[in-house]
Amino acid sequence: GRVLAGVLVLAVGLGLATSTGNVRKDRTQAAQLAAAIRAGLRPGDVVGYCPDQLGPATSMLLPADVSQLTFPAAAGPRFIDWVDYAARNRAGDPAGFARRLSAAAGPSHAVWLVWGSQYRALGTQCEQVVNQLSGLRPGTQAVVAADFVRFFEHASLVRAPGR
């Protein structure tokens, strides 16, 4: 009995000790990203997310009428389809997605891209989207840097201006 109680106390203690990071650390950087987007957002601007996992938390903090697309499916950001997720990510087309974002914004509106690196089954595809978008829209600038320390789900934000 005492050994079992000791093991239980040890397990609970270790569980509490390892979970304190989850209590102190914000889950997502979405509020910071959405605030930066809202501060510069103009009618006709488009918001993209790479990968789509970054969409739900940020999109619900933006005005409902903002056009938003996710990589790889170019779908809305509200839900994520987890069926065959890795295969769909690997089959994604970064250049095509960047062109689609740019076309959706048109020549005079900005594209805002919330993106993250180090996601499984994506490799460097999100970095490729940023590079392609920068090539399509000179003057693309970093707005928010990923905060790896304070947030579990960190992301960066770039703004690609209209011409």
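The values are calculated or read from the model by the stated rules, or taken from the named source; none is laboratory data. If you're wondering where the values come from, they're calculated on a predicted model, not measured in any experiment. Neighbour counts run over all protein chains shown; Cβ positions are idealised from the backbone, glycine included. Just the protein is used for accessible areas: all its heavy atoms, side chains included, with ligands, DNA and RNA removed. Shrake-Rupley method; radii C 1.70, N 1.55, O 1.52, S 1.80 Å.
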### Summary
Residue count, region 88-125, condition more than 16 Å from the chain's Cα centre (by Cα) and in contact (Cβ under 8 Å) with a residue 12 or more places away in the chain, comes to 15
### Task
Those residues that are under 17 Å from Asn89 (Cα atoms), open to solvent by 30 Å² or more (accessible area, probe 1.4 Å) and assigned to a loop (DSSP other than H, G, I, E, B), I need them from region 122-163; list them, please.
Gly123, Thr124
### Query
Of all the residues that make up region 60-91, how many are closer than 17 Å to Ala110 by Cβ and of a type in the set (S, T, N, Q)?
2
### Query
Among the residues of region 58-78, is any touching a Phe, Trp or Tyr at 6+ places or on another chain (Cβ under 6 Å) and either at positive phi or open to solvent by 20 Å² or more (accessible area, probe 1.4 Å) (or both)?
no
### Task
Kindly indicate whether Ile37 is under 17 Å from Ala155 (Cβ atoms), in a loop (DSSP other than H, G, I, E, B) and open to solvent by less than 70 Å² (accessible area, probe 1.4 Å).
no
### Task
Please go through region 101-121 and pick out each residue that is among the aliphatic types (A, V, I, L, M), in contact with a helix residue (DSSP H, G or I) (Cβ under 7 Å, 6 or more places away or on another chain) and crowded, with 18+ Cβ neighbours inside 10 Å.
Leu101, Val111, Leu113, Val114
### Query
Taking the stated definitions as given, is Thr20 at pLDDT below 95 and assigned to a helix (DSSP H, G or I)?
yes
### Message
Tell me whether region 62-85 contains one or more residues that are more than 16 Å from the chain's Cα centre (by Cα), free of Cβ contacts under 8 Å to residues at least 60 places away in the same chain and part of a helix (DSSP H, G or I).
### Response
no
### Message
With the structure loaded, tell me whether Tyr49 is farther than 25 Å from Val144 by Cβ and open to solvent by less than 30 Å² (accessible area, probe 1.4 Å) or whether it fails that test.
### Response
no
